[in-house]
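This report refers to the structure that appears directly beneath it.
The values are calculated or read from the model by the stated rules, or taken from the named source; none is laboratory data. Remember, it's a predicted structure, so these values are computed and weren't measured experimentally. For neighbour counting, all protein chains shown are included, and Cβ atoms are generated from backbone atoms with ideal geometry for every residue, glycine included. When the accessible area is computed, the model is the full protein with side chains, heavy atoms only, and any ligands, DNA or RNA have been set aside. Shrake-Rupley method; radii C 1.70, N 1.55, O 1.52, S 1.80 Å.
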There are 2 protein chains.
Amino acid sequence: MTVSDFLSKDDAKDGGFADVPERIPLGEYLLKRLISIGTKSVFGVPGDYNLSLLEYFYDDNLKTDIKWIGCCNELNASYAADGYSRYTGRISCLLTTLGVGELGALSGVAGACCEDVRVLHVVGIGKNELSDEAQIRDRNMHHMLPDMYEGNMKGPNHRIYYEMIKGRISCSSEYLDDITVACDRIDKVIRDILRHSKPGYLFIPSSFFDQMVESRNLVTSPTLCLKNERFMTSENDIERITDLVLSSLYGSSTPALLGDVKTDRFGINKQLNEFAEMTGIWCFSTVSGKSILDESSKYYMGVYNGNCSLQSVKEKFLSCDLIINFGIDINEANYGFFSYDYKNDAKVIQLHPRYVRFFDNKTKQEEIFQNVNFIDILDRLIHTIDLKQLGLSYDPSFKSFSNDDLVIPEHEYTLSHITQPYLQKYLPNYFNPGDIIISDTGSFQFALRDFKLPSQSKLITQNLYLAIGTALPMALGVGIGMQDYPRNHIFDDSKVDKDYKPKLILFEGDGSAIMTVQELSTMIRYKVPMEIFLLNNNGYTIERAIKGPTRSYNDIMPWKWTLLLEAFGDFDGGFTKSEVLKTRKQMEAKLEKLKLKSQTGIEFHEVILGTFDISTQLSQMIASTSQ
Amino acid sequence: MTVSDFLSKDDAKDGGFADVPERIPLGEYLLKRLISIGTKSVFGVPGDYNLSLLEYFYDDNLKTDIKWIGCCNELNASYAADGYSRYTGRISCLLTTLGVGELGALSGVAGACCEDVRVLHVVGIGKNELSDEAQIRDRNMHHMLPDMYEGNMKGPNHRIYYEMIKGRISCSSEYLDDITVACDRIDKVIRDILRHSKPGYLFIPSSFFDQMVESRNLVTSPTLCLKNERFMTSENDIERITDLVLSSLYGSSTPALLGDVKTDRFGINKQLNEFAEMTGIWCFSTVSGKSILDESSKYYMGVYNGNCSLQSVKEKFLSCDLIINFGIDINEANYGFFSYDYKNDAKVIQLHPRYVRFFDNKTKQEEIFQNVNFIDILDRLIHTIDLKQLGLSYDPSFKSFSNDDLVIPEHEYTLSHITQPYLQKYLPNYFNPGDIIISDTGSFQFALRDFKLPSQSKLITQNLYLAIGTALPMALGVGIGMQDYPRNHIFDDSKVDKDYKPKLILFEGDGSAIMTVQELSTMIRYKVPMEIFLLNNNGYTIERAIKGPTRSYNDIMPWKWTLLLEAFGDFDGGFTKSEVLKTRKQMEAKLEKLKLKSQTGIEFHEVILGTFDISTQLSQMIASTSQ
């Protein structure tokens, strides 16, 4: 088995462009290149400088459908693109217009940059300093910023927006100013995005889209994919490092796999689960790595997050003498506000796309091997491990993670209204294998960490950038991804009923929802079915937990949420249903009915929660960090 | 009369802080400083790093009310702040949280930068490189971007967002890292904003707001205002340049005043109108300068915009032998896509806050005097002009601008449905003296240029940055400004009935509205009355005029607009009314009723327009420029 087979999700296809004419318009080149890397839908807002590209979506020469998903605004489009990439594992594409559109999307792209999501942001630009007309080069055009102090005397800095993002919120960015190398530069940005798993930018003059370019790259490189573009490990290092890992493993009686987010971003969830199953090693997730490792497995022990872990999970983690941490991503949210700890004499191996670090918790000695890609190491581990040499010997009193690990206050069981602790206990029963669960930043996100998720499910949420309002448009992007790539996230088909269409389930707070709510309309427009739980706790509850619990700045305007889907386009209720859930009884009755029903439209549930209702996980977080 | 009296709108008051304690918390200092410059409302979204500042809004020590206007998202808040400043002529304040909130507002601040609007953007930041805790300095915290390639090995660039905006979309920006000079830096940014009429940024660690600082500046500089902070002209230059202008004026038989936007931004609309009235010189406006000069005056001749002008206006402009251009702002939208022309032997005098340029259109010779502020020149012109030396001799066949200058196709008069040419003819009759008219970027904006506006009205719209979706939240900001400063824009009280409360009238396209629509909710929350004309032309009509008239990318999802205000919080219809207007008859019947009625709530009119219905002004624009 080669890495080519190993990266099975990296299945971007030869676009079948062998017979493409030698010269084609740049717009056609760009869309064909997107098709070749598996990007089947493009998100954005039309604007004067990108209309020429949009025309190519309707061009018969494309021979393959590529969908345009017109969003209500650019920030929302950027979140949707982010979601598309998180779900599909492929590069998503965001299309905007210089300045007015592009800058609106910036925070969404920054979020993708923060969380290693592969978004290609294509910005249509206008006549610029390339123009033959001096008066255009040197004068103030719309969407541009005049010189700060001498706007009437000299021309604008045409590259001002490009200079803002270059090297800051993109791993690769090109401002196309030479049509003869435009295709090479497009490919370069795509290669960099694949390699670094960060966003990239292309600034393209709108006049370029109709200009003819060599199509050669589509023939010589019919696709661009992770297996070719990732950092490569030397054969020597692969062997050496794998042997070191195996030697640690053979010497350990209580090893653990710790799954972190880069495992997902680099497309080897399936392989890590295979490795877990074949070895029987205990599995933990980090916060950002949640749902990478199969939580239905008897080897799954829970989310470890330092002092913010459940007590039972922490005890198990601290009993392990070897931690093999795949896809490590170190930050305050993911590492328990830096309260991470290990067993006194534990050995720790951290694997990353660019390095492997060995750390001895007893001697505090470390050794770092640079230029080693964890993809290669995992590949060789699977193929060379000698299971007979494993000597696993876990304390049998420790059990697999279950819903019972979540301890909630006794009085919770006597209440009839809906609370977050109740949702922690009840909702996991409602999810089915294969379901996609999306949560916004907010109080409920902390509760969700310790849900027991079913097999083959995927949790999608921002864990570090933590912008509110992301999840609703992100769900749109995921839903479009599910149309383009059904069951894409399922790595073991046997665990999901073949007739079951995985659900898309969104948890959205009211304070978050008001930021980006109009994208409900786009869900209706493109017929994206999902279940939405609008957790209405009367404002910014997560902020009330930090400061100003009763201050009016933490209030929002009360809305009639259940009217929105009608207002936003589902006039006859043909695609959506909306209702309010106030009691546990109402919720259970409703969800029992929905549990195994296929999603054919949007079911919108406004769930009434208390203004100060939070989970113990959030309380722990607040206690662990002060603002 | 001194300049101090002359800048009558620059009436920021001594905050009455003579008895302020010597040391106060920085949060209190910042709010007191805002109060002292006339900023009575602050726009934004609460977030973890700005909550400590928000607490000071509730502090009894402030002794003056300063309002917090919580918006649905940061982009909308930035547009609202922009509108507040455009209306009040004062610095507006926008409050966000690092990264997640701040970047969302970026496009709005860029728009303010592009169009010379004074917005102070205060960004609450977290623990940073100032922290005593090494692990915080060097580790990845939420809202921040990890290092692009070595995020696990080294800390983030804490100043990355600051570096993006510094010198690009702000004339002044400070990242506070030393509490002992925090007040001075705050004052410096405010002074720069006043002087340059561009946005400024303050990045303030949330831990600073509660730290004690010297209040001294509030006593030594009880207010900061334009008259002290603007560029000053030397006495010598004031005299010399004024004499040159007067000498040109005395030698001219057909002079014209051309009012451009910087006149408004530097607060001398009243004075320019006084000068126009006392001299009887013809008045023209640029596109961006529209409504600065009183259009009800018999001296008002129309909007001149080069080849994109109405023919009758162009003829009048080209008959003038001297053009005195106040507050000049040169860009493609404002200068007829660079088709500006003058009478063959015209002399042109362009006045700006930092220079005056004399240009002879016959000899093409020019002379530029730097460091001359047009405020000083206008002041001296008014006080030294000898009216007896004027020798005005205009062709009597030219008439003042009237609604009749707008020629619309004959068949328009026979239609019963609503069209843009109809609106151009009908709506001006509906406006009353003193009304504030706001328009979004879009097809209708071009129609609006040649409306005949009543006296003391003010038109607010983006003319150069041209982002769609701005006007709706901008109207919120203007409405809050009208609460804080009623009749602020009226420079001649005799022209507006003393019992008439000026109306706020918003024209918003459907394609624009979907971008920022949730801010309707904030209008209800803070009880901001206005009339809204939602021009429903079924998508992006302005883009259809450029490309893809029937392409689906120019469509949007049809909405039930009249449900929105109920959904967004006006459950019982107590504050809002919504209705659909399909015919001219319906429109006229409705507006006749509303014309002189005081605005006590929101009247929302969905006006049904044709998908391809545009004004001749927009057709001209498309013909003048190609994408």
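Give me the pairs: first residue in region B:282-295 and more than 19 Å from B:Gln445 (Cα to Cα), second residue open to solvent by 10 Å² or more (accessible area, probe 1.4 Å) and of a type in the set (Asp, Glu), beta-carbon distance under 9 Å, and six or more apart or on different chains, which are they?
The qualifying pairs are B:Cys283/B:Asp294; B:Asp294/B:Glu277; B:Asp294/B:Asp492.
Pick out the one residue from B:Ile323, B:Ile349 that is under 19 Å from B:Pro255 (Cβ atoms) and in contact with a Pro (Cβ under 8 Å, 6 or more places away or on another chain).
On the way: B:Ile349 fails: in contact with a Pro (Cβ under 8 Å, 6 or more places away or on another chain).
Being under 19 Å from B:Pro255 (Cβ atoms) and in contact with a Pro (Cβ under 8 Å, 6 or more places away or on another chain) holds for just one of B:Ile323, B:Ile349, which is B:Ile323.
Out of the residues in region A:356-409 that are of a type in the set (Phe, Trp, Tyr) and closer than 20 Å to A:Ser248 by Cβ, which is surrounded by the most Cβ atoms within 10 Å (Cβ to Cβ)?
Filtering region A:356-409 for residues of a type in the set (Phe, Trp, Tyr) gives A:358-359, A:369, A:374, A:394, A:398, A:401.
Checking the rest, the ones that are also closer than 20 Å to A:Ser248 by Cβ come to A:358-359, A:369, A:374, A:394.
Working: A:Phe358: 17, A:Phe359: 18, A:Phe369: 16, A:Phe374: 27, A:Tyr394: 18.
Here the residue is A:Phe374.
Can we say B:Gln370 is over 30 Å from B:Ile408 (Cα atoms), touching a residue at least 24 places away in the same chain (Cβ under 8 Å) and in contact with a strand residue (DSSP E or B) (Cβ under 7 Å, 6 or more places away or on another chain)? Step through it out loud before you land on a result.
Details: over 30 Å from B:Ile408 (Cα atoms): yes; touching a residue at least 24 places away in the same chain (Cβ under 8 Å): no; in contact with a strand residue (DSSP E or B) (Cβ under 7 Å, 6 or more places away or on another chain): yes.
No, not satisfied.
Filter region A:54-80 for residues that are part of a helix (DSSP H, G or I), more than 7 Å from every other protein chain (Cβ to nearest Cβ) and out of contact with any Leu (no Cβ under 9 Å at 6 or more places or on another chain) and give the result.
A:Asp60, A:Asn61, listed by residue number.
One line per residue, one yes/no per condition, for (1) more than 14 Å from chain A (Cβ to nearest Cβ); (2) within 30 Å of B:Ser615 (Cα to Cα); (3) of a type in the set (A, V, I, L, M, F, W, C):
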| site | (1), (2), (3) |
| --- | --- |
| B:Tyr299 | yes, yes, no |
| B:Gly306 | no, yes, no |
| B:Gln311 | yes, yes, no |
| B:Phe317 | yes, yes, yes |
| B:Ile323 | yes, yes, yes |
| B:Ile328 | no, yes, yes |
| B:Lys362 | yes, no, no |
| B:Gln370 | no, no, no |
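Can you name the residue in region A:569-594 that is open to solvent by less than 30 Å² (accessible area, probe 1.4 Å) and of a type outside the set (Gly, Ala, Ser) and is also modelled with the lowest pLDDT among such residues? Break it down into steps so the answer makes sense when it comes.
Of region A:569-594, the ones open to solvent by less than 30 Å² (accessible area, probe 1.4 Å) are A:569-570, A:575-576, A:581, A:584, A:587, A:591, A:594.
Keeping just the survivors that are of a type outside the set (Gly, Ala, Ser) gives A:570, A:575-576, A:581, A:584, A:587, A:591, A:594.
On the way: A:Asp570: 98, A:Phe575: 98, A:Thr576: 98, A:Leu581: 98, A:Arg584: 97, A:Met587: 96, A:Leu591: 92, A:Leu594: 89.
Filtering first and then ranking leaves A:Leu594.
Given the criteria surrounded by fewer than 24 Cβ atoms within 10 Å (Cβ to Cβ) and touching a Gly at 6+ places or on another chain (Cβ under 6 Å), does B:Tyr340 qualify? Give the steps one after another, and end with the answer.
Numbers: surrounded by fewer than 24 Cβ atoms within 10 Å (Cβ to Cβ): yes; touching a Gly at 6+ places or on another chain (Cβ under 6 Å): yes.
Here the answer is yes, as B:Tyr340 does meet what is asked.
From the set of residues in region A:163-183 that are more than 11 Å from chain B (Cβ to nearest Cβ) and outside any loop (DSSP other than H, G, I, E, B), which is most open to solvent (accessible area, probe 1.4 Å)?
At the first step, the residues of region A:163-183 found to be more than 11 Å from chain B (Cβ to nearest Cβ) are A:173-183.
Remaining after also requiring outside any loop (DSSP other than H, G, I, E, B): A:173-175, A:179-183.
Numbers: A:Ser173: 10, A:Glu174: 34, A:Tyr175: 7, A:Ile179: 37, A:Thr180: 112, A:Val181: 49, A:Ala182: 0, A:Cys183: 10 Å².
Here the answer is A:Thr180.
Out of all the residues in region A:200-214, which are surrounded by 20 or more Cβ atoms within 10 Å (Cβ to Cβ) and away from chain B (no Cβ under 14 Å)?
Passing the criteria: A:Leu202, A:Phe203, A:Val213.
Please count how many residues of region A:432-460 are modelled with pLDDT of 95 or more and of a type in the set (A, V, I, L, M, F, W, C).
Residues in region A:432-460 being modelled with pLDDT of 95 or more and of a type in the set (A, V, I, L, M, F, W, C): 6 in total.
Residues of region B:222-237 being open to solvent by 20 Å² or more (accessible area, probe 1.4 Å) and either within 30 Å of B:Leu392 (Cα to Cα) or touching an Asp or Glu at 6+ places or on another chain (Cβ under 7 Å) (or both), which ones? So that I can check it myself, show each step before the final result.
From region B:222-237, those open to solvent by 20 Å² or more (accessible area, probe 1.4 Å) are B:222-223, B:227-229, B:231-232, B:234-237; that's our starting set.
Matches in region B:222-237: B:Pro222, B:Thr223, B:Lys227, B:Glu235, B:Asn236, B:Asp237.
On the basis of being away from chain A (no Cβ under 13 Å), among the polar types (S, T, N, Q) and open to solvent by less than 10 Å² (accessible area, probe 1.4 Å), does B:Ser92 make the cut?
Numbers: away from chain A (no Cβ under 13 Å): yes; among the polar types (S, T, N, Q): yes; open to solvent by less than 10 Å² (accessible area, probe 1.4 Å): yes.
It is true that B:Ser92 is away from chain A (no Cβ under 13 Å), among the polar types (S, T, N, Q) and open to solvent by less than 10 Å² (accessible area, probe 1.4 Å).
Would region B:478-501 turn up any residue that is within 12 Å of chain A (Cβ to nearest Cβ), within 17 Å of B:Gly83 (Cβ to Cβ) and either among the polar types (S, T, N, Q) or in contact (Cβ under 8 Å) with a residue 40 or more places away in the chain (or both)? So that I can check it myself, show each step before the final result.
Narrowing region B:478-501 to residues within 12 Å of chain A (Cβ to nearest Cβ): none.
Checked region B:478-501: no residue is within 12 Å of chain A (Cβ to nearest Cβ), within 17 Å of B:Gly83 (Cβ to Cβ) and either among the polar types (S, T, N, Q) or in contact (Cβ under 8 Å) with a residue 40 or more places away in the chain (or both).
Output yes when any residue across region A:315-330 is open to solvent by 30 Å² or more (accessible area, probe 1.4 Å), outside the structural domain of A:Thr441 (by TED's automatic domain parsing), over 28 Å from A:Pro433 (Cβ atoms) and in contact with a strand residue (DSSP E or B) (Cβ under 6 Å, 6 or more places away or on another chain), and no when none is.
Checking region A:315-330: not a single residue is open to solvent by 30 Å² or more (accessible area, probe 1.4 Å), outside the structural domain of A:Thr441 (by TED's automatic domain parsing), over 28 Å from A:Pro433 (Cβ atoms) and in contact with a strand residue (DSSP E or B) (Cβ under 6 Å, 6 or more places away or on another chain).
Of the numbered conditions (1) open to solvent by 10 Å² or more (accessible area, probe 1.4 Å); (2) within 21 Å of A:Asn554 (Cβ to Cβ), A:Leu415 satisfies every one except a single condition; which is it?
It fails just one condition, (2).
Of the conditions (1) closer than 22 Å to A:Glu150 by Cβ; (2) open to solvent by 50 Å² or more (accessible area, probe 1.4 Å); (3) in a loop (DSSP other than H, G, I, E, B), B:Pro353 satisfies every one except a single condition; which number is it?
With (1) closer than 22 Å to A:Glu150 by Cβ; (2) open to solvent by 50 Å² or more (accessible area, probe 1.4 Å); (3) in a loop (DSSP other than H, G, I, E, B) applied to B:Pro353, the lone miss is (2).
Among the residues of region B:435-473, write down those that are closer than 17 Å to B:Met523 by Cβ and within 14 Å of chain A (Cβ to nearest Cβ).
B:Asp440, B:Gly469, B:Thr470, B:Ala471, B:Leu472, B:Pro473
Restricting attention to region A:101-150, which residues are away from every other protein chain (no Cβ under 12 Å), within 13 Å of A:Tyr161 (Cβ to Cβ) and at pLDDT 90 or above?
The answer is A:His121, A:Val123.
Is it the case that region B:247-269 has a residue that's in contact with a helix residue (DSSP H, G or I) (Cβ under 6 Å, 6 or more places away or on another chain) and open to solvent by 30 Å² or more (accessible area, probe 1.4 Å)?
So far as region B:247-269 goes, yes, one or more of its residues are in contact with a helix residue (DSSP H, G or I) (Cβ under 6 Å, 6 or more places away or on another chain) and open to solvent by 30 Å² or more (accessible area, probe 1.4 Å).
Could you please find all residues in region A:12-63 being out of contact with any helix residue (DSSP H, G or I) (no Cβ under 8 Å at 6 or more places or on another chain) and surrounded by fewer than 24 Cβ atoms within 10 Å (Cβ to Cβ)?
Those that are out of contact with any helix residue (DSSP H, G or I) (no Cβ under 8 Å at 6 or more places or on another chain) and surrounded by fewer than 24 Cβ atoms within 10 Å (Cβ to Cβ): A:Gly16, A:Asp19, A:Pro21, A:Arg23, A:Tyr58, A:Asp60, A:Lys63.
Given the conditions (1) open to solvent by less than 30 Å² (accessible area, probe 1.4 Å); (2) hydrophobic (A, V, I, L, M, F, W, C); (3) at pLDDT 95 or above; (4) within 30 Å of B:Arg380 (Cβ to Cβ), and given that B:Ile186 satisfies all but one, which numbered condition is not satisfied?
Unmet condition: (4).
Going residue by residue through region A:72-83, is there one that turns out to be open to solvent by 10 Å² or more (accessible area, probe 1.4 Å), at pLDDT 95 or above, assigned by TED's automatic domain parsing to the domain that holds A:Leu176 and under 20 Å from A:Ser206 (Cβ atoms)?
Yes; the residues of region A:72-83 include at least one that is open to solvent by 10 Å² or more (accessible area, probe 1.4 Å), at pLDDT 95 or above, assigned by TED's automatic domain parsing to the domain that holds A:Leu176 and under 20 Å from A:Ser206 (Cβ atoms).
Does B:Ser197 fit the bill of being within 25 Å of B:Val372 (Cβ to Cβ), surrounded by fewer than 20 Cβ atoms within 10 Å (Cβ to Cβ) and either within 13 Å of chain A (Cβ to nearest Cβ) or modelled with pLDDT of 95 or more (or both)? Talk me through it step by step, then tell me what you get.
Working: within 25 Å of B:Val372 (Cβ to Cβ): yes; surrounded by fewer than 20 Cβ atoms within 10 Å (Cβ to Cβ): no; either within 13 Å of chain A (Cβ to nearest Cβ) or modelled with pLDDT of 95 or more (or both): yes.
The answer is no for B:Ser197.
Going by the conditions given, is B:Gly280 surrounded by fewer than 19 Cβ atoms within 10 Å (Cβ to Cβ) and at positive phi?
On the way: surrounded by fewer than 19 Cβ atoms within 10 Å (Cβ to Cβ): yes; at positive phi: yes.
So B:Gly280 passes the test.
Against the condition open to solvent by less than 10 Å² (accessible area, probe 1.4 Å), touching a helix residue (DSSP H, G or I) at 6+ places or on another chain (Cβ under 7 Å) and within 11 Å of chain B (Cβ to nearest Cβ), how does A:Met530 come out, does it pass? Working first, answer last.
Values: open to solvent by less than 10 Å² (accessible area, probe 1.4 Å): yes; touching a helix residue (DSSP H, G or I) at 6+ places or on another chain (Cβ under 7 Å): yes; within 11 Å of chain B (Cβ to nearest Cβ): no.
Judged against the criteria, A:Met530 is not a match.
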